[in-house]
Each structure stands twice: as structure tokens, then as C-alpha cells.
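The values are calculated or read from the model by the stated rules, or taken from the named source; none is laboratory data. None of these values were measured; they are calculated from a predicted model. Positions of Cβ are generated from backbone atoms using ideal geometry, with glycine treated the same way; all protein chains shown enter the neighbour counts. These accessible areas exclude ligands, DNA and RNA; they are computed on the full protein's heavy atoms, side chains included. Shrake-Rupley method; radii C 1.70, N 1.55, O 1.52, S 1.80 Å.
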Amino acid sequence: MESKEQTDDEVLQGMLSRRFHYAKAQRTTAYHHTFRTKTRWELVRLSLLIVGIECTYATETAFVAPILLAIGLPHTLMTMMWAMPPIVGVLFVPVVASVSDRLRFAWGRRRPVLLILGVAMLLGMMLLPHGRLIGKAIGLRSVAWIATITTIGLTTTDFSAEASNGLCRTYAMEVCTIQDQARVLSTMMLIGGLGGMLGYLFGAIDWSALPVGQYFESNEAAVFTANWIVLLIGLVSTLTSFPEIPLPVQEEDELLRPVTHFMLQNEMKRMRGDEYTAQTNLGESIGFRQFIRNTVQMPRSMKILCLTQFLSHMGYLPYCLYFTDFVGAEVFNGDVQAPAHSAALWQYEEGVRFACWGMAVFAGCASLYSLVIEKLIARVGARPVYVFGLMAHCVGMLAMGFLRNRVIVMVCCSLTGIMYATIYSIPFLLISHYHSKNSFHMEDGKCVESTEPRGFGADVSMMSSVLCLAQLIVSLVMGVLIDAAGTTAVITFAAGGCSFLAAASAMAVVYMGL
């Protein structure tokens, strides 16, 4: 087995070396970087858009609930506002991916779409904190209209961020060698956690007490402006990092096509004299038809992995979306709808800032844990690490719900950071592992080679669709549970229960020796 892996590596190096020198000899192109190993700094620059996206997620999750509740919406309607982005995401994220696959621009297939989505995110971030101001400016002062404007900003921002998240990973893996794919994913996880921590730290600052705060109408406006700058820097950095090989160029020249797992397997079969499939397409696309086909004909191993990821997000999202409201109301005994300058409103706002510190701890722990998770997998295996990460969040949520203590809140946030790093690394590593072995199930302890090629990009995109589905369900159900129970503490118990089910599902995942 070891000599075979070495042979695979030698064949891959030969394919990459040939294409690297060929591309470098074409003085009219700058595509040779696609066939070489990237430095860590190059991977960081390539991934900086993820910092902006995670910072945006952090700002959204910290402030959208308080903004909507301050308008005057009840919890049931407030949580339903969160249902709009996943509905749009489920319907249109695959369409965006399909359009991206077919683009014939000289700038590439992914970057033009990322530019459009990035501009949409920036516009949405301007709408979100200024719904009341915009409503007054155009004569729409009612709660319904202000909530509508705010929801348009939320939907535009969240959908664009979600579509960009998957597309940015696809772009990064396409301009990297298949050996660098795990490295670029772990890099995105590390600096993405730092981006989330930055977003939460923005929320933890009392901007009104700073000299710069006088230039903003509210604390939320200052936070969103700081986030806007980070997102712009990340967008520019990623889009200018590495040129893509345009689709027409790939069609004309086979040696200027990125080396995929499918191409490597075909080359191995050709060298052994086995029957192999002639490559008539341009790699593993994530077009809409391929996405539907991969979903309908999903192997059992992928079904279990998607179920585990779905339950994981069902456990994480209640914490993610409503944590600041929980801390402000239950830990600090505040009231978001109390009169201005009242003690109850001050306590709520103080609780929101404290929750932002807790979520900064969560994001920081996620980044730190991402540094050691691969070493832990190598030492004890992926299954114990996966189950441990999910159970850590389960224990933390239940402890937070029962005790409602400030110190416990901070400790439990760190446990959620472990879970977050787990669900954004191990499932993607497993998909990469399946594709590298070209196998999705085992018989008698041995991997069985797949006879039907699956799109790597499509399988990665499926994880985003699972997130959209989980967010849709949480958005529609959680507000009803909160109003029925009369307390936001119900979110911690729901999160803990779903995380426990996810851990049970993770026991059945096919790991193939990982």
C-alpha cells in the first residue's frame, strides 16, 4: 500500500512538473502557478476574502436579532426574518455555481462571480444598520417597512456571503494543486476564525465612548462600517491573488487544465494498462445538473456525512443566531424593548457587548483548535475527534442553559469554538479523502473504487446547501419555541439536543482510515 501511494505521488509530481514547465514556456500566459505548491503566505492572501465573510457573519449574528427586536418585532417574526436568506440560498446557490462553471471570461470563471457577490455583500452591509434611517428618508416610517428594508439588507448580505463562501473555496482549490487542497482549507479555517473574532470584537467595543463614535448615528452603524472595510480589503486581496485559467484556454490546450483527482486516477489506470475514461469535460464541475445528479445518486457514506453536518448546524445555529439576545435577556436580565436610557435597556446592551466578547473567545478558540485538529486526527483518528468536538458543544449548551452564569458563558463559548473548527474541517477533509481514493464505501475493510465520477466541487457545495436547510428550519421553528416557553434559554437546550444527535450520527460516518 505504501509503494502504491508513493507511485501515486510520483505520477502526480510528473503531471504537475510537465504542465508547470509547459505553462511557463508560454510567455503570453501567467498560469504556471496553478501547477506548483503554494507558500503559506500565498494561501493566506488567497483566503483573505474568508476573513471578510466570517467577520460579516459575526456582525450579522451579533446584531441582527437586537436590531429587529428594537424595531418592535416579536421573537416569532424576528426569527422568521432569518428564514429569507436560506430560502434564497437553497434556490439560487446551485444556480450561481452553475453560471460560474460556464463563464468564458478572460478573467476566469470564479472571480467575476465573486466580484459581483462581493459588491452585493458590501451594499447589503450598508442597508442592515440603517433601515430606520432609510425608511425615514423615503417616507416609510412604519415598523413593517423598516423591517422590510432591514430584511432586504440581511437577505442580500447573507445570500452573497453563503454563495461566496463555497465559491471562494472552489476557486482556491482550483488554483492550488490537489496536494495543497487540505492546506488551503485549514488555512481558511484558521484565518476565518480570526475574521470571526475580529467581527465580534468590533461588537464588543462601545463605539459611542470613542472619538470616532460621534461620526455614526448608532453603535451598530460603527460596527458595520468597520466590518465593511475588512470585507473590502479581503475581497480585493483574494481577487488579485492568482489568475485563473479561462475556460476557452482550457478547451484549447489540455496541458493548461488543472490536475484533478479524476485526471490522476485516469493517468494511473493508463500507466497500468487498465481501461480508463477519456476526459471529455474540463474537470469536476459543479453545474446545476451535476449538482442535482450528485444529490439524487448520493452514496450512503455521503448521506451519513450530510446528515451529520445537518444536525451539527442545527446544534450550532441557535447559538450563532440568538446568543446575544439570550445573554442580554437571561444572563443580564435586560429588555431590548425597554424605553430609551432605561436601566433595563442599558443592561441588555451591556449583555450584548459581553456576548460579543464571548463570541470572540469562541472564534479565537476555533482558530487555535484548527491548528491542532489535523495532528489530533493523525494521533487518535478522525472518529474520536469528530465525536468529541460535537459533544463539547452539547455539554456547553446544556451547562449554559441551566446555570446562566457569566463565567460559564465564557467557558461554554470556548467549547463551541472546538465544535465550529470540527464541523468546518473534518467533513471537508473526509470529502477530499473520498475523492483522493476515488471511493465512497468499503467492503471487508477495503475501499471499493467508484465506477461513476462525482464532482468534488459539487460535493463541497452540498455542505453549503445543508447549512441553508438547517438555517431555514431553525429560523421557522426557534421563534415559536421561544415565545411558547417564554424564555430564550430554550435555544441552549435545542442546540444541545441537536449536537448530541449529531455526535451519534458521527459514529456511523465512513472514515476510510482517516
Consider just the alpha-carbon atoms of the stretch 8-259 and return their Rg together with their Dmax, both in angstrom.
-> 20.9, 68
Between helix 111-127 and the chain: long-axis angle, C-alpha atoms, 0 to 90°, nearest 10 = 0
Report ³J(HN,Hα) in whole Hz for each residue of the stretch 36-47, in order, from the Karplus equation J = 6.51 cos²θ - 1.76 cosθ + 1.60 where θ = phi - 60°; Gly and Pro get x.
-> 10, 6, 8, 6, 4, 5, 4, 5, 5, 4, 5, 9
By accessible area with a 1.4 Å probe, ligands and nucleic acids excluded, highest first: order of Tyr434, Tyr424 = Tyr424, Tyr434
Per residue, accessible area of the stretch 289-513 with a 1.4 Å probe, heavy atoms of protein chains only, in Å², comes to 39
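Can you compute the charge dipole magnitude of the chain about its Cα centre, using +1 on each Lys and Arg Cβ and -1 on each Asp and Glu Cβ, nothing else charged? Give it in debye, rounded to the nearest 20.
Values: 36 positive and 37 negative charges, 118 e Å.
Roughly 560 debye for the chain.
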In whole Hz, with x marking every Gly and Pro, tabulate ³J(HN,Hα) for the stretch 129-136 from phi via Karplus 6.51 cos²θ - 1.76 cosθ + 1.60, θ = phi - 60°.
-> x, 10, x, 5, 5, 5, x, 5
Hey, if we sort Asp459, Asp444 by accessible area with the 1.4 Å probe, largest down, what's the order?
-> Asp444, Asp459
log10 of Debye I(q)/I(0), alpha-carbon scatterers only, for the stretch 289-513 at 0.08, 0.16 Å⁻¹ | -0.33, -1.06
Given R₀ = 41 Å, FRET efficiency for Ser142-Arg300 by Cβ-Cβ distance, to 0.05?
-> 0.20
Accessible area, probe 1.4 Å, largest first, for residues Ile116, Ile373 | Ile116, Ile373
Could you run the Karplus curve 6.51 cos²θ - 1.76 cosθ + 1.60 with θ = phi - 60° over the stretch 498-514 and give me ³J(HN,Hα) per residue in whole Hz, x for Gly and Pro?
-> 5, 5, 5, 5, 5, 5, 5, 5, 4, 5, 9, 5, 7, 9, 6, x, 6
Taking the Cα atoms only, what angle lies between the long axis of helix 426-437 and the longest principal axis of the chain, rounded to 10 degrees?
-> 10
For helix 261-272, what angle does its Cα long axis make with the longest principal axis of the chain, in degrees from 0 to 90 and rounded to 10?
-> 20
What whole-number value in Å² describes the accessible area per residue of the stretch 141-254 for a 1.4 Å probe?
-> 36
Please work out the FRET efficiency for the pair Trp346 and Ile473, using the Cβ-Cβ distance as r and a Förster radius of 30 Å; give the result to the nearest 0.05.
-> 0.30
State, as an integer percentage, the relative contact order of the chain based on alpha-carbon contacts under 8 Å between residues 6 or more apart.
-> 24
Run the quick spin-label model on Arg102 and Asp483: label points 7 Å from Cα toward the beta carbon, then report their separation in nm to one decimal.
-> 4.2
Result: in the chain the number of Lys pairs with C-alpha under 26 Å apart, spaced 8 or more or on different chains, is 15
Just add up the charged neighbours of Ile491: K/R +1, D/E -1, any other residue whose Cβ is under 13 Å from the Cβ of Ile491.
-> -2
So who's got an amide H within less than 5 Å of the one on Phe440, skipping anything under 5 residues away but keeping other chains? H placed 1.01 Å off N, in plane.
-> Val448, Ser450
Gain upon complete extension [Ala378, Leu91; 0.36 nm per residue less C-alpha separation] = 99.5 nm
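Per residue of the chain, what 222 nm ellipticity follows from adding -39500 (n - 2.57) for every DSSP H run with n ≥ 4, rounded to the nearest 500?
Calculated mean residue ellipticity at 222 nm is -25000 deg cm²/dmol.
Tell me, what % of the accessible area of the chain is carbon and sulfur with a 1.4 angstrom probe?
Values: 13570 of 21140 Å².
Answer for the chain is 64 percent, counting heavy atoms of protein chains only.
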